[in-house]
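Data first, discussion second: the structure below is written as structure tokens.
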Amino acid sequence: MKKIYHLGNCTTCQAIIKETGIDVLQKKQGNKLLMQDIKFEKITPAQLDEMKKMAGSYEALFSRRAIKYKELGLKDKKLEEKDYRNFILEEYTFLKRPVVILDDKIFIGNDKKNVEALKKALS
């Protein structure tokens with residue numbers, strides 16, 4: 001399976017999609033590369049559990065950059081795996097974006113090393 005979980009209005013997601021060539025790949029492959037805008041098509045518990053299985057933890061999928069992270073005072077709380085899962089399912093902004101799944105590999109977030117690894121995997 002090839003899938004990308006992203007936010008359509010996120011400039012960082014858009015830049016990564018363009019930089020890695022996912023936009024071109026999606027046009028060539030059509031429905032073989034699924035793109036899910038998580039703002040309009042919520043992540044299901046099953047999808048999140050599958051991502052967790054590949055990533056190793058829900059914490060690896062959790063974004064501490066989300067505005068609500070500070071608003072809810074989460075930096076001052078000790079969160080457990082079930083908390084990370086619940087927050088991601090409740091509020092799409094808690095998912096570190098983009099998340100790209102290429103068969104048995106997962107690429108999470110926008111750090112340079114991750115984007116380079118994604119580019120390499122796509123080429």
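The values are calculated or read from the model by the stated rules, or taken from the named source; none is laboratory data. All values reported here derive from a predicted model rather than from experimental measurement. Counting neighbours? That spans all protein chains shown, and the Cβs are built from the backbone with ideal geometry, glycine included.
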query: Of (1) exposed (fewer than 12 other Cβ atoms within 10 Å of the Cβ); (2) farther than 27 Å from L118 by Cβ, G56 satisfies all except one. Which?
result: (2)
Number of positions in region 49-85 that are under 21 Å from N9 (Cα atoms) and either charged (D, E, K, R) or touching a Leu at 6+ places or on another chain (Cβ under 8 Å) (or both): 6
- request: Tell me which of these F40 doesn't satisfy, since it passes every other one: (1) within 14 Å of the chain's Cα centre (by Cα); (2) at pLDDT 95 or above.
  value: (1)
query: K68: basic (K, R), in contact with a helix residue (DSSP H, G or I) (Cβ under 7 Å, 6 or more places away or on another chain) and assigned to a helix (DSSP H, G or I), yes or no?
result: yes
task: Mind counting the residues in region 1-43 that are farther than 11 Å from V100 by Cβ, touching a Pro at 6+ places or on another chain (Cβ under 9 Å) and assigned to a helix (DSSP H, G or I)?
output: 1
message: Being within 25 Å of N9 (Cβ to Cβ) and either in a strand (DSSP E or B) or hydroxyl-bearing (S, T, Y) (or both) is the filter here; which residues of region 86-123 pass it?
response: Y92, T93, L95, V99, V100, I101, L102, I106, F107, I108
Extreme residue, farthest from the chain's Cα centre (by Cα), among residues of region 92-123 that are exposed (fewer than 15 other Cβ atoms within 10 Å of the Cβ) and of a type in the set (D, E, K, R): K120
- line: By residue number, the members of region 93-123 that are in contact with a strand residue (DSSP E or B) (Cβ under 9 Å, 6 or more places away or on another chain) and not aliphatic (A, V, I, L, M) are F94, K96, R97, P98, D103, F107, G109, N114
- request: Identify the single condition in (1) touching a residue at least 12 places away in the same chain (Cβ under 8 Å); (2) out of contact with any Ser or Thr (no Cβ under 7 Å at 6 or more places or on another chain); (3) more than 26 Å from S123 (Cβ to Cβ); (4) of a type in the set (A, V, I, L, M, F, W, C) that V100 does not satisfy, given that it satisfies every other one.
  value: (3)
- line: Selection over region 35-48 where residues are exposed (fewer than 15 other Cβ atoms within 10 Å of the Cβ) and either in contact (Cβ under 8 Å) with a residue 24 or more places away in the chain or in contact with a Cys (Cβ under 7 Å, 6 or more places away or on another chain) (or both) yields a count of 4
